[in-house]
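Participant: Sharing a structure, written as structure tokens. Questions coming.
Taken together, the values in this text are just the output of simple stated rules run on the coordinates, not laboratory data. In this text the structure is predicted, and so the values were computed from the model without any measurement. So basically every Cβ, Gly included, is an ideal-geometry build from the backbone, and we count neighbours across all protein chains shown.
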Amino acid sequence: MAEQGTTPGGKRGYAGTWPPRAAVPAGGYLPVSASSWRPFVETLRQWARAETGAGRLLPWVPVAFGTGIAFYFAAEHEPVLSVSVIVAIALCLVAVLLRRHRIFPAIVMLAAVAAGFATATWKTARIAHGVLARPMFSVALTGFVETRDIREKTDRFVLRVVSMESPRDNTKLERVRLSVKKGTAPEVGSFVELKARLMPPLGPQRPGSYDFGRDLYFQGIGASGFVMGAIKTSEPPAAGGFALRYAAIMQGLRDAIDARIRTTLDGDQRAIATALLTGRRDAITTPVNDAMFISGLGHVLSISGYHMAVVAGVVFFTIRALLALFPALTAGHPIKKWAAAAALVAAAFYLLLSGAEVATQRSFFMTAVVLIAVIVDRRAITFRTLAVAALIVLAIAPEALVHPSFQMSFAATLGLVALVQIGLPNLLASPDHSVTARLALWGGRELMVLTLASLVAGLATTPYAAFHFHRVTPYGLLANLAAMPVVSAVVMPAGLLGLLAMPFGFDGVFWAIMGFGIDWMILVTQWVAALPGAVGRMAAFGVGPMIAASAGLILLGLLRTPLRWSGAVLLVVASVWAVRVPQPDVLVSADGRNVAVRGGDGRLHLMHSAKDAFLVKEWLAADADARAATDPSLGEGVSCDPSGCVTQGTGGAFVALATRPEALADDCERAALIVATRPAPRDCSASVIDTERLRRHGALMLRRIRDGYAIEAVRPGGIDRPWSPAVPGDGESEPILRVPAAAPRPAVDATPSEVDVQGED
């Protein structure tokens, strides 16, 4: 029985006991019978009924829809589209028929899972295209330039292929991505002829890492490479279509904006200003880019929900303020809805200007749902709004689910919506004479809200930053508090005003103001990045802990009853799980030319016959190793000659990289594991990884066990997906690579010579 009382601070409240007195056994708080748990079980039932009440179902629908998409990407081979669609439609019909039944919520969840699975299957079937299986060294290509990226060292463009000729291969591709010398990329919309070297899309650099090939597949790109020789522009045999003309117009507009910014700003100022307005962020220098991500401000460089919110917010409040100057309009017309409509148009233009990438589309849909809610007199920031936006994004681009930008953006948004809907009302609901109210007069409430928003968004995105980038930002809150007010109040508004003033020739002053704000942002990032312990590294921990962390965030954000704290328990479990995942003892690249072995010092040591800086960088990042790819310590303990390399791994076992057949005989005698380009002798006493295994299964990750090595492959046996086709002859592979028993050696005569015996006597 709860009793009303007065706290020491003078506030009235209720004090009670837990468990209820009726549930406390006579002998103490330890239960002595099953009946002691009845009040607790009944409380859980009440909480569960509250969570399944009216209006609580919609926020869980996109969760179930995304679960279905996750099941699709986890499939071993491509599902049958017709079966997937029929099952999804059938479950939706069952849900409609049972809408008044008690099991309706469960049926809706199952239908949403099936719908997500079918949507992903349909999307893949709709965009199906060829993927290059092996390198092509001299390919004659003609086609239209669809996009162009200006980068720090090289430029890059996407070519829509019209014709493709190779002397040794009849492969046909629809789109390829090519790198060229800086300043030589052709104009968007032009028709070009060139020769190129093409490579298959880059796969995961180690099992569990990001699949670049899958990303390119959903962009319609079947190969990547670089141009060989000059690029010839010619007349196209046919028109490129409306989409290409639109791309050329928007690219011309981006180039014009960049040219105008260049007249006032240069260096990283210009690069960041261009990135914020047009989405072209590849020209930012490496030191500044690294400092941005180390400090936790890297999200500023990628057009996301924040940028859309700022653009829409500035236009909304500006238009509303201008219309409010006219009393007649204020009294007789819905100026708030007019301002929301203008903000929606501005957000749509910003979407087109920035290139309409998937991440930007997601941000626009979220912003559009909020603005439409204002137009139709609905609450703008709610879990329902977030749910509708998530469903729209996943229905249009189901592949976004496995992309870090989607995961981090919606995790941050979920945390912020929960803060607005639950946290702030509880924190700020206090009497007028409270300390909170007095602080509000001095701006303390706004500072608290900003601090909490930055803290919640940072914590919500931490699991995904650790999983994808193997990095956490200990000082992210400090950097965001110092820089984001300037970005929101100075940089972005000045950029928007510069765009509006550019047709009239008065944009220079706004670019200068934008540059001052960017200078402050760069100063903050460099200061924070230089602080002790600013670089928080996290070793790769696999998909399991990330799924557990995602479930914890969802439960913590969507549940309303004390059941939400089960999400906090899951987050703790995920954290402990992540730090306890064992790291591999050996890493082998897909081509077998790079092998990393964990030595007795606990660090990776590299054996290689061909340098691959990007690969080594990825390996070191996944191992939470701060060394650069060129660090001399990577070669410590490694002995190499023209025939190969050898080094000592954990437990004293030797690992060898054999590049010539003559090295195999000696390696079979000494090494426990050999990575070889040629088949090993049958009587080899070492475990052997040859090029055939690598060709079928891609990069490998090995952990030492008692009688050999446990293997984890990028492409396990039986996996066949459109972006990673199975190699002919591929089958199930053994997950354990056992060390073969050494072949018995022939008996040797042990009788010493008479001379030797006499000498010893």
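Participant: With a/c under 1.5 counting as rounded, go ahead and sort segment 477-535 into rounded, prolate or oblate using the C-alpha gyration tensor (a ≥ b ≥ c being the square roots of the eigenvalues; past the cut-off, prolate if a/b is larger than b/c, else oblate).
Facilitator: Cα axes put segment 477-535 in the prolate bin.
Participant: Among A247, A48, W520, whose Cα lies farthest out toward the positive end of the dipole of the chain, if unit charges sit on the beta carbon of Lys, Arg (+1) and Asp, Glu (-1)?
Facilitator: A48
Participant: Roughly how tilted is helix 358-375, in degrees to the nearest 10 and between 0 and 90, from the longest Cα axis of the chain?
Facilitator: Tilt of helix 358-375: around 10 degrees.
Participant: In debye to the nearest 20, how big a dipole does the chain give about its Cα centre with +1 on each Lys and Arg Cβ and -1 on each Asp and Glu Cβ?
Facilitator: Dipole magnitude for the chain comes out near 3460 debye.
Participant: Right, something else. Using the alpha-carbon atoms, what tilt in degrees (0 to 90, nearest 10) does helix 286-295 show relative to the longest principal axis of the chain?
Facilitator: 60 degrees
Participant: Which three extents, in angstrom, do the Cα atoms of the chain have along their principal axes, listed largest first?
Facilitator: On the principal axes, the chain reaches 118, 90, 58 Å in Cα extent.
Participant: Ranking request for peptides 101-113, 406-418: highest mean number of other beta-carbon atoms within 10 Å first, then the rest in descending order.
Facilitator: 406-418, 101-113
Participant: Let me ask something additional. Of the trypsin sites (Lys or Arg not before Pro) in segment 513-588, which ones lie in a loop per DSSP and count no more than 11 other C-beta atoms within 10 Å?
Facilitator: R580
Participant: Once you keep just the Cα pairs under 8 angstrom separated by 6 or more residues, what percentage relative contact order results for the chain?
Facilitator: 10 percent
Participant: Answer rounded, prolate or oblate for segment 492-643, using the Cα gyration tensor with square roots of eigenvalues a ≥ b ≥ c: rounded when a/c is under 1.5, else prolate when a/b is larger than b/c, else oblate.
Facilitator: Cα axes put segment 492-643 in the oblate bin.
Participant: Here's another thing I want to ask about it. Taking K611 as the anchor, which lysines have their alpha carbon closer than 28 Å to its alpha carbon, excluding any fewer than eight residues away along the same chain?
Facilitator: Within the straight-line limit of under 28 Å, K611 reaches these lysines: K153, K181, K182, K195.
Participant: Next question. Given +1 on the Cβ of Lys and Arg, -1 on the Cβ of Asp and Glu, and no further charges, what dipole in debye does segment 125-241 carry about its Cα centre, rounded to the nearest 20?
Facilitator: Roughly 320 debye, rounded to the nearest 20.
Participant: Which of the listed residues, M199, M164, V139, is farthest toward the dipole's positive end in segment 136-240, when Lys, Arg count +1 and Asp, Glu count -1 at the beta-carbon?
Facilitator: The residue sitting farthest along the positive end of the dipole is M199.
Participant: Let me ask another. Quick one: angle between helix 305-324 and the longest Cα principal axis of the chain, in degrees between 0 and 90, rounded to 10, please.
Facilitator: Orientation of helix 305-324: about 20 degrees from the principal axis.
Participant: Let me ask something else. Provide the percentage of antiparallel DSSP beta bridges, counting only those with both residues in segment 628-737; round to the nearest 5.
Facilitator: 70 percent
Participant: What order do you get for 512-522, 184-194 when each peptide is scored by the mean count of other beta carbon atoms within 10 Å, highest first?
Facilitator: Packing order, densest peptide first, comes out as 512-522, 184-194.
Participant: Have a look at the DSSP beta bridges in the chain and tell me what percent are antiparallel, nearest 5.
Facilitator: Percent antiparallel among DSSP bridges in the chain is about 85.
Participant: Could you pull the Rg and Dmax for segment 145-289, using just the Cα atoms, both in Å?
Facilitator: 16.5, 51
Participant: With every atom except the alpha carbons ignored, what do you get for Rg and Dmax of segment 58-126, in angstroms?
Facilitator: Rg and Dmax of segment 58-126, Cα atoms, are 12.1, 38 Å.
Participant: Give me the compactness ratio for segment 129-169, meaning the Cα radius of gyration over 2.2 N^0.38 Å.
Facilitator: Here the answer is 1.37, to two decimals.
Participant: Could you list, by residue number, the cysteines of the chain that have no other cysteine's beta carbon within less than 4.7 Å of their beta carbon?
Facilitator: So, C92.
Participant: Now, a different point. Within the P(r) computed for segment 586-738, what percentage of the Cα pairs occupies the region above 25 Å?
Facilitator: Here the tail beyond 25 Å accounts for 26 percent of pairs.
Participant: Further question on the same structure: Quick check for me: using +1 on Lys/Arg Cβ and -1 on Asp/Glu Cβ, what's the dipole size of segment 586-738 about its Cα centre, in debye to the nearest 20?
Facilitator: That gives a dipole near 180 debye.
Participant: Normalized C-alpha radius of gyration of segment 62-200, against 2.2 N^0.38 Å?
Facilitator: Working it through for segment 62-200, the quotient is 1.54.
Participant: Hey, can you grab everything whose amide H is under 5 Å from the amide H of I689? Only 5+ residues off in sequence or another chain; H modelled, so Pro and N-termini drop out.
Facilitator: Counting only residues 5 or more places away or on other chains, the set is I674, V675, A676.
Participant: Another question, then. Identify the GluC sites (Glu not before Pro) of segment 598-678 meeting these criteria: DSSP loop state and at most 16 other C-beta atoms within 10 Å of the C-beta.
Facilitator: Taking segment 598-678 and a limit of 16 other Cβ atoms within 10 Å, the loop GluC sites (Glu not before Pro) found are E636.
Participant: Using +1 at the C-beta of Lys and Arg and -1 at the C-beta of Asp and Glu, which of A663, P679, T650 has the Cα lying farthest in the positive direction of the dipole of the chain?
Facilitator: Sorting the options by dipole projection puts first T650.
Participant: Show the residues, 5+ positions off or on another chain, whose built amide H is closer than 5 Å to the amide H of R471.
Facilitator: Answer set, sorted by chain and number: A466, M538.
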